[in-house]
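In what follows, a structure is listed as structure tokens, so that the remarks can point back to it.
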Amino acid sequence: MIARLRRIKSTLIFGGTAAWGLLLVSCVMVSRTTMMAPPQIPGATFVGSADCAQCHEGITSNFHDATHANLMAEGENAKNVGCESCHGPGSIHSQQGGGAGSIVNPAKNPETCFQCHLDKRSEFAMPYSHPIDKVGCSDCHESHQGDAVVGGGTNLQGSNESCLKCHDAIRGPYVFEHEAMRDGCTSCHNPHGTVNAKMLKARNAAACLQCHNQQQTVSGQIMIGSREHTSFLTSGGTCWTAGCHEAVHGSHVNSSLRY
Ligand code: HEC
Ligand code: HEC
Ligand code: HEC
Ligand code: HEC
Ligand code: HEC
Ligand code: HEC
Ligand code: HEC
């Protein structure tokens, strides 16, 4: 458990209260960002995930294969992680059997996710990012079962689906497909946010050259694909601006991805 956490500690920070027991591993990583406390519910204490099962049987029974089920470590210290790591201490909610304000729902408030994934707070604060009040973590991530990245792992078409349900205009089929789409939207976009317009991972030719080799065969001549690109690359535009490959997701008229 600890070993697994260490593996990814560069992106994870755990809160520093006693309630976090075993997870108290990498507080030293705190640098630029303020550390968050676990979600607070005044007067409530942690009761452990088994308690939740009484009333939320469906969610609890599928939870074992969820990415975050790794947070359900064995032992006394560990009873505080699991359901309550995202939902906050559940004693009041559990005693009352529900009730407004008695439990945290991250669909309405991403703070609880940010407290461990601190870097995501800064990504969503980038100049170009998904509006977090309209597009929440749970629009793209599954918390209760399976892979936390919806359609993640090897299922790249599936991962595009999680974007296309809102960005349907980009869905093909195209007459001239751009094969890059098979590698997933995230080969060019960071879905959380970046410093570049349209949440692109790179603002210039670098976004494209990660896959398309640029070769200098004759001195002073730059080839991309089978075409000389020397003057195009020095014109100051990007590969996808006027006159070039504007139809970057796929084209109906031109195999070179133009409109
Ligand atoms: C005695 C039954 C009972 C227990 C035990 C219980 N819950 Fe609930 N829970 C409910 C009911 C009923 C609702 C729906 C009414 C409501 O939203 O308050 C609910 C709603 C919720 C919601 C949605 C709240 C919202 O604002 O959308 C979450 C999250 C939740 N429970 C998590 C938990 C967790 C985590 C535990 C264990 C710590 C737990 N529950 C234990 C009965 C229970
Ligand atoms: C990784 C964080 C995380 C963990 C761990 C987690 N949940 Fe949730 N839970 C969420 C998010 C996000 C939502 C809101 C969106 C959704 O339903 O996926 C939610 C919603 C809920 C709801 C409201 C259901 C609804 O349909 O609105 C209940 C009840 C709930 N969780 C119970 C649990 C229980 C029980 C556990 C432990 C077995 C648990 N959760 C573990 C993040 C988490
Ligand atoms: C208590 C700390 C904690 C909280 C709270 C938490 N996470 Fe995580 N999350 C982790 C850890 C640890 C892992 C790595 C699990 C593993 O790889 O075994 C992880 C993994 C993930 C991954 C998958 C990363 C990958 O590379 O596959 C996603 C996506 C994710 N979390 C999203 C969320 C979202 C969304 C929320 C809020 C609903 C949330 N997390 C809340 C600790 C947390
Ligand atoms: C618009 C969809 C979308 C939203 C909203 C979103 N994510 Fe993600 N997230 C993704 C995708 C897609 C990946 C996989 C990235 C990849 O494969 O390069 C990912 C990866 C991750 C990862 C693991 C890889 C990494 O970058 O560290 C974590 C952790 C994560 N997201 C947390 C969150 C949290 C926390 C929120 C809410 C504050 C959130 N995400 C909101 C789509 C989204
Ligand atoms: C729940 C709906 C939803 C999901 C899911 C979603 N988006 Fe978005 N996306 C939006 C909204 C809303 C905006 C903001 C639109 C605006 O500002 O006009 C946006 C904006 C964008 C933009 C910038 C558009 C622009 O014109 O600047 C890009 C790029 C983008 N999303 C890519 C993605 C990718 C990639 C995924 C999947 C990982 C994804 N989106 C998933 C709703 C969604
Ligand atoms: C090969 C790189 C690449 C891939 C893969 C890619 N995009 Fe884009 N996307 C771009 C570029 C470049 C722009 C900017 C186009 C412009 O400014 O005219 C863009 C723009 C966008 C926009 C803004 C609206 C628009 O069409 O101008 C959205 C939304 C978007 N992409 C979503 C997606 C989604 C969803 C996927 C996956 C299904 C995806 N993109 C895959 C490169 C890519
Ligand atoms: C994830 C890898 C990847 C990325 C990133 C990528 N491409 Fe592609 N692209 C491909 C593949 C694979 C093909 C099909 C094989 C080929 O023609 O090289 C292709 C084909 C093309 C073609 C058609 C070539 C032809 O004449 O048939 C153009 C034009 C193109 N890409 C432009 C771009 C632009 C512009 C960008 C940056 C916005 C970009 N690509 C980013 C993988 C990628």
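Modelled spin labels at Val135 and Glu123, positioned 7 Å past Cα toward Cβ, are 1.2 nm from each other.
How would Lys134, Lys165 line up from fewest to most surrounding beta-carbon atoms within 10 angstrom? Don't skip to the answer; put the middle values down first.
Numbers: Lys134 8, Lys165 12.
Ascending number of Cβ neighbours within 10 Å: Lys134, Lys165.
Taken over region 146-210, the ratio of Cα radius of gyration to 2.2 N^0.38 Å equals 1.15. What the pair-distance distribution of region 156-251 shows, using all Cα-Cα distances binned every 5 Å from zero, is 2, 11, 19, 24, 20, 12, 7, 3, 1, 0 percent. Of the residues Val253, Val149, the one with the fewest other Cβ atoms within 10 Å heads the list, and the complete ranking is Val253, Val149. Compared with the direct C-alpha span, the chain from Ala107 to Asp65 gains 13.1 nm at full extension, assuming 0.36 nm per residue. In whole percents, the pair-distance distribution calculated for region 202-257 from its alpha-carbon pairs, binned every 10 Å from zero, is 21, 56, 21, 1.
Taking other C-beta atoms within 10 angstrom as a stand-in for reagent exposure, Leu233, Leu257 fall in the order Leu233, Leu257, fewest first. Multiplying the residue separation of Gln210 and Ala53 by 0.36 nm and removing their Cα-Cα distance gives an extension gain of 51.8 nm.
Read the figures in this text as sums done on the coordinates, not as results from a lab. These figures come from a predicted structure and were not determined experimentally. So basically every Cβ, Gly included, is an ideal-geometry build from the backbone, and we count neighbours across all protein chains shown.
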